[in-house]
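Below you'll find the structure, written out as structure tokens, and then a few comments.
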Amino acid sequence: MATPPTPVERLLLLADQYVQHNDMLDRLLRSGSQAEPDTDVASAQRLAYATRTAIKTILDERLFESHELSDTVVRLQQLAFLSGASTEHPLPTARMLTSLAPEATVGCADRLAGEIRRRRWNTTDAPVHQVSPTQRTALWEIACGNVVATSSLGRQYVHCRDARVLIGTLRSLEANDLVERVPQSASPAFVGGPLQDRVRLTSAGTTALASALCLPPAAGSPPATTPPTPVSTRTATRSR
């Protein structure tokens, strides 16, 4: 029997649902067609339900009260409300209402992991997948929906919104079955351009990132609750 996801893993899975939902809305907006039958509405309703379920899972953990935990729950309640409200608006507005949801959900996962670390500070459990700081940053960006891949003239490119993710890092994560590409599922890099490949966490990748968030930072490392520092608005890395 499969082990149920931890609360942190559940939030990372929720972030992925938001990424997929936003990608679907982008494709609908690009094609100018309407979802049949109301696929976008059904997807938003599922997201609202999944977000409320995630909140219940967190509350069931009975963690010590703190401002961070309260803020996490409130932020998730806001996301659930926005998801539900998006069903009452046209596609462009619906897309705007959930545009920041993936990154906000990953941030909630990070804060929740911090609360778990503080409550269970003496844990010695080793993560199932050891990841380097560079891989952790890449997994974070991928969970936020910030990474896509493209090919041109036989070369592969990685496009990132915030922290830089190298093609070599992406390939190493793929080799370890931590991430996967979904062909032609993400919006184009430019108007009229081809759809790009969305890079997503696999089940193993979700577990790896959740484990990295829940472990204390290594000596000399920045706090795990600090997200990667953006280095550019958008970067592209070419394979060599």
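Inter-label distance, residue 56 to residue 119: 1.8 nm, where each label sits 7 Å from its Cα along the C-beta direction. For the range 1-79, the Stokes-Einstein estimate of translational diffusion at 25 °C and a viscosity of 0.890 mPa s comes to 173 µm²/s, using the Kirkwood hydrodynamic radius over alpha-carbon pairs.
Convex hull volume per residue, computed on the Cα atoms of the range 32-184, equals 153 Å³. Here the extension length gained between residue 39 and residue 88 equals 16.3 nm, from 0.36 nm per residue of separation less the Cα-Cα distance.
Across the range 46-125, the convex hull enclosing all Cα atoms gives 89 Å³ per residue. Here the label points at residue 71 and residue 30, each 7 Å from Cα along the C-beta direction, are separated by 3.6 nm in the simple model.
With θ taken as phi - 60° and the Karplus curve 6.51 cos²θ - 1.76 cosθ + 1.60 applied, the whole-hertz 3J(HN,Hα) list for the range 89-98 is 10, x, 3, x, 6, 4, 5, 5, 5, 10 Hz, x standing for glycine and proline.
Read-outs: derived from the displayed coordinates by stated rules, not from any lab. Bear in mind that the values here come from a model prediction, so they are computed numbers and not experimental data. Cβ atoms come from the backbone with ideal geometry, glycine included; neighbour counts cover every protein chain shown.
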